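Everything on this sheet refers to the single structure shown next.
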């Protein structure tokens with residue numbers, strides 16, 4: 001009898017090991033679907049982290065109310081990369097070590113995604129960046145996607161816009177980051193091909209440089225007709241203020257990374273008249289955009305920004321892909337993301353069609369008037 005009992009116990013342990021081994025990629029059978037959400041939640045660029053968090057949490061709240069993913073609620077695991085490439089690697093390693101994290105929404109900056117992306121690729125963790133625009137992000141590998149359009153689109157469209165407005169001589173001031181160099185290079189090449197001339201192409205160290213007088217003095221002493229500013233909001237506000245103090249009259253066209261409420265606050269009156277590029281604005285008349293604006297303002301009691309809808313849409317794309325895959329297995333979810341087509345979101349319809357970035361969305365030009373962003377007519 002004792003031998004029979006021992007035999008039964010051994011068989012039970014063997015069966016348990018067999019079934020445990022059937023779990024994909026060593027994942028445990030948990031009560032939630034864990035999604036890592038990475039962004040700069042602290043530091044100089046923390047407002048971008050707030051935007052990411054707001055959009056992701058609103059999407060998760062709605063998805064969970066509707067029954068979750070594969071019948072389970074989504075659980076967000078946050079990773080603070082501080083907008084720094086080294087920190088992004090640490091976040092990615094932490095996420096990859098948690099076998100129950102089945103997808104990533106983030107990172108925000110191109111440099112962070114370029115640093116963290118290879119880790120997600122190696123560990124077969126499907127990833128959707130919410131704002132990384134550098135062209136190389138789409139080349140990291142088949143597990144790394146982005147919900148937004150890239151530098152090639154923004155730079156070329158801005159060049160065409162300014163040339164159509166009659167500008168022939170431009171200056172580019174850009175953050176010496178993967179993002180800044182990407183937009184600057186594309187704009188410069190496109191503007192030149194259209195017959196324009198880039199007189200100055202000046203870079204600075206984001207997060208370090210505060211005095212831009214040398215660069216701006218060069219601009220003032222040139223024949224610059226328009227200034228393209230590829231900068232995050234902290235430095236953008238300083239550059240705009242210092243340019244005004246130097247009496248520079250050439251209009252500024254700032255890239256999408258300047259489009260934040262903090263830019264208006266930090267730049268003050270100097271922001272008036274500045275043009276800013278974006279891909280989402282609360283005035284978008286589409287039903288999906290207006291529904292998002294309504295829900296966002298009801299939940300957070302504040303105006304919608306340009307970036308939270310991208311985190312919102314990225315989370316929905318991830319959830320939709322997992323549901324269509326019918327599993328959290330990395331390769332299956334990756335294939336489902338790649339096959340995403342016609343998914344309506346706050347920022348428009350997302351189509352990957354086998355690519356790793358969506359079909360280009362319309363460029364919106366805003367102008368600051370009386371401390372507010374208005375769509376340029």
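Is it the case that region 186-199 has a residue that's surrounded by 24 or more Cβ atoms within 10 Å (Cβ to Cβ) and touching a strand residue (DSSP E or B) at 6+ places or on another chain (Cβ under 9 Å)?
Step one: filter region 186-199 for residues surrounded by 24 or more Cβ atoms within 10 Å (Cβ to Cβ), giving 187, 191.
So of that shortlist, the ones also touching a strand residue (DSSP E or B) at 6+ places or on another chain (Cβ under 9 Å) come out as 187, 191.
Within region 186-199, one or more residues are surrounded by 24 or more Cβ atoms within 10 Å (Cβ to Cβ) and touching a strand residue (DSSP E or B) at 6+ places or on another chain (Cβ under 9 Å).
So, in region 294-304, exactly how many residues are touching a helix residue (DSSP H, G or I) at 6+ places or on another chain (Cβ under 9 Å) and surrounded by fewer than 23 Cβ atoms within 10 Å (Cβ to Cβ)?
Residues that pass the stated criteria total 6.
Report yes if residue 297 is without any contact (Cβ under 8 Å) to a residue 40 or more places away in the chain, in a helix (DSSP H, G or I) and under 16 Å from residue 51 (Cα atoms), otherwise no. Yes: the conditions hold for residue 297. Considering the conditions (1) more than 20 Å from residue 107 (Cα to Cα); (2) touching a helix residue (DSSP H, G or I) at 6+ places or on another chain (Cβ under 7 Å); (3) surrounded by 20 or more Cβ atoms within 10 Å (Cβ to Cβ); (4) at pLDDT below 95, residue 289 is excluded by exactly one of them, (2).
Restricting to region 122-138, count the residues that are out of contact with any strand residue (DSSP E or B) (no Cβ under 9 Å at 6 or more places or on another chain) and at pLDDT below 95. Full working, then the answer.
Step one: list which residues in region 122-138 are out of contact with any strand residue (DSSP E or B) (no Cβ under 9 Å at 6 or more places or on another chain), which gives 122-124, 134-136.
Narrowing further to those that are at pLDDT below 95: 134-136.
The total comes to 3.
For region 300-316, a residue qualifies if it is out of contact with any strand residue (DSSP E or B) (no Cβ under 8 Å at 6 or more places or on another chain) and assigned to a loop (DSSP other than H, G, I, E, B), and the qualifying residues are 301, 302, 303, 304, 305, 307.
Taking the conditions exactly as written (within 26 Å of residue 49 (Cβ to Cβ) and buried (at least 24 other Cβ atoms within 10 Å of the Cβ)), does residue 236 satisfy them or not? The answer is yes for residue 236. Looking across region 63-75, the residues that are crowded, with 18+ Cβ neighbours inside 10 Å and under 18 Å from residue 53 (Cβ atoms) come down to 63, 74.
Can you list the helices (runs of 4 or more DSSP H) found entirely within region 173-262 that contain at least 1 residues being within 24 Å of the chain's Cα centre (by Cα) and touching a residue at least 60 places away in the same chain (Cβ under 8 Å)? It would help to see each step written out before you state the result.
On the way: elements: 178-193, 213-220, 233-245.
Result: 178-193, 233-245.
Quick grid of which residues meet (1) more than 25 Å from residue 340 (Cα to Cα); (2) in a loop (DSSP other than H, G, I, E, B):
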position	(1), (2)
88	yes, no
96	no, no
104	no, no
117	no, no
124	no, yes
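Which residue pairs have Cβ atoms closer than 6 Å, lie 6 or more positions apart in sequence or on different chains, and pair a first residue in region 104-126 that is free of Cβ contacts under 8 Å to residues at least 60 places away in the same chain with a second residue that is part of a loop (DSSP other than H, G, I, E, B)? Listed by first residue and then by second, the contacts come to 113/107; 113/132; 117/140; 120/143; 121/140; 121/141; 121/143.
The values are calculated or read from the model by the stated rules, or taken from the named source; none is laboratory data. Bear in mind that the values here come from a model prediction, so they are computed numbers and not experimental data. FYI the Cβ positions are ideal-geometry reconstructions off the backbone, even for glycines, and counts take in every protein chain you see.
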